Amino acid sequence: MSGKTLWEQGHEPGRQMVTLGIAAALTVVALDLLLTGRVSVLFDIAFVALSTALALLVRPRDFFTVGVLPPLVMVVVFTLLAATRPGAVAHPDDSVVQALISGLSSHSLALVLGYALCLVCLALRQRALDQHGRLVRPRNAPGHLHPGG
């Protein structure tokens, strides 16, 4: 069986993953606000799943883009909420900066778990690609062994 493993299947461009990540996070926030009036554990669970899915979908040459994406997605989403609906992530009278900090600290576990799973998936994919010789490194790239030295 010569099929690709889970770690070798991702082929989506990084730009599309950025767009998908922000759009999906905003969609979940809208749904969460509709259901609960606040950003709740529903967002946290979806954020962790989204971070993992993006790491599995992205093509190898865009690993860096997705590798820095989870914290940026959360900051963008919470900044928008802090500016428009601070009560969704903090006290309704908080300033934008205070609401952003409160929102990030309230959902820090989801951020850490989502980011960690994203990085682990990318590392496992990198390892699988290296082992199967499907990732070609330039001759002068770190990790490339040069004969005789």
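Let me test this: with uniform point scatterers at the alpha carbons of region 1-138, what is the Debye-based log₁₀ I(q)/I(0) at q = 0.09 1/Å? Those come out to -0.31, one per q.
Shown for region 1-102: the carbon plus sulfur share of the solvent-accessible area, taken with all protein chains present and a 1.4 angstrom probe, equals 69%. Quick check: from the Cα gyration tensor, does region 1-79 come out rounded (a/c under 1.5), prolate or oblate? Since a/c reaches 1.5 and a/b is larger than b/c, the shape of region 1-79 is classed as prolate.
A 1.4 Å probe run over region 17-133, with the rest of the protein chains in place, finds 50 Å² accessible per residue. Fully extending the segment from residue 61 to residue 106 would add 12.9 nm, taking 0.36 nm per residue of separation and subtracting the current Cα-Cα distance.
The values are calculated or read from the model by the stated rules, or taken from the named source; none is laboratory data. Since the structure is predicted, the reported quantities are computational estimates derived from the model, not experimental observations. All accessible areas refer to the heavy atoms of the entire protein, side chains included, with ligands and DNA or RNA removed. Shrake-Rupley method; radii C 1.70, N 1.55, O 1.52, S 1.80 Å.
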